Amino acid sequence: MKKLPMIVAIVVSIFSAQGVVAQDELAVLEDDLVIREYEYEQQEYTEINIVELPLSIQEAAARDFRHLRIVKVYISKDNTYKIVLQDENDSTKVVFASTNGKWIKPNNNKS
């Protein structure tokens, strides 16, 4: 009978320790995910000259965004383009395009 409280204390401490370890692992995974997402955002696109933008995208921008001009262009590793457009009031709009001039949603440009 004297050993029963000791056994209960050991079992409770084992379960408590496992919960703490699991929370620590979850916190590390979340921190790692945030860091990876930040690095992905920073490294996803590389700035290129506007003249390097494919003609199909230039034509699509001229057709679909008549009152805007292209001010910056970026390319990703999977050959999608991030285009920064600006109007005469210096308001900017960011659009994404595939190589063939099709507009894509921002969430669809990640592979």
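Sort through E88, E59, E44, E52 and tell me the only one that's acidic (D, E) and surrounded by 12 or more Cβ atoms within 10 Å (Cβ to Cβ).
Details: E88 fails: surrounded by 12 or more Cβ atoms within 10 Å (Cβ to Cβ); E59 fails: surrounded by 12 or more Cβ atoms within 10 Å (Cβ to Cβ); E52 fails: surrounded by 12 or more Cβ atoms within 10 Å (Cβ to Cβ).
Sole residue among the options that is acidic (D, E) and surrounded by 12 or more Cβ atoms within 10 Å (Cβ to Cβ): E44.
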**Prompt:** Considering the stretch 41-70 alone, what residues qualify as being among the basic types (K, R) and at pLDDT below 55?
**Reply:** none
**Prompt:** Has the stretch 29-40 got any residue that is surrounded by 10 or more Cβ atoms within 10 Å (Cβ to Cβ), among the hydroxyl-bearing types (S, T, Y), modelled with pLDDT of 90 or more and within 23 Å of the chain's Cα centre (by Cα)?
**Reply:** no
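The values are calculated or read from the model by the stated rules, or taken from the named source; none is laboratory data. Here the structure is a predicted model, which is why all the values come from computation and not from measurement. So basically every Cβ, Gly included, is an ideal-geometry build from the backbone, and we count neighbours across all protein chains shown.
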